Amino acid sequence: MNEITIAQQLETGLNDSSLVVQVVFAVPYVQVVVNRSQLPPDYAALSQRIAELLGQMVTPEMQYVAVYGRVYGQEELEYETSLEIIKSVPPVPVSPSENPFLIAVTNPVTEPEPFTLAKYCFTRNQALLISALPSPKMNIAELIRDFDHFPDSEKALILEQLMGLYKF
């Protein structure tokens, strides 16, 4: 691939119309100049993404990417870094017995049992469960009310943590 084609593919892969990319080969480096027309991007994340994209495009002798950032039309650099090109690993063929999608089809996931508070009990005195008790203090009542508004998945997580703390 030539420099212009790689620059065009990088611009497409970065998906940011405010960036204009220039590419120059200098084996073992690919030099990439990112010209911005708006606010500065997150250059660290952008550089990482460029290294990943180049791993899919360039030849093995290209091992590093030098990324430079500047305001479009200016010579002064505002960012400069060098990274190793992240070579993409081709997918390894998987036999049908190891394919997780096929396993999921042959072994359908059973629905989890519905959430119920009945399996949780935090007292050894079972009589407290059936006797008439005075109303709790306001702050306790508010906590119980708030707990009741949580989704069942969060209630289950909280209760499992409490079970571990109290070990009944």
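Close amide H partners of E78, meaning residues 5 or more places away or on another chain with modelled amide H under 5 Å apart, are G69, R70, V71.
For region 118-165, the square roots a ≥ b ≥ c of the C-alpha gyration tensor eigenvalues yield an a/c of 1.5 or more together with a/b not exceeding b/c, which makes the shape oblate. What FRET efficiency would be calculated for the residue pair I144, A45, taking the C-beta separation as r and a Förster radius of 35 Å, to the nearest 0.05? Result of the calculation: an efficiency of 0.20. Were the residues from V20 through Y166 laid out at 0.36 nm apart, the gain over their Cα-Cα distance would be 46.6 nm. At full extension, Y64 and F115 could sit 13.1 nm farther apart than now, given 0.36 nm per residue minus the alpha carbon distance. Percent of alpha carbon pairs in region 3-84 separated by more than 17 Å? For region 3-84, the fraction of Cα-Cα distances above 17 Å is 37 percent.
Where a number appears in this text, it was derived from the coordinates with a stated rule and is not lab data. Predicted model only: the values in this text are computed from it and were never measured. Backbone-built Cβ (ideal geometry, glycine too); neighbour counts: all protein chains shown.
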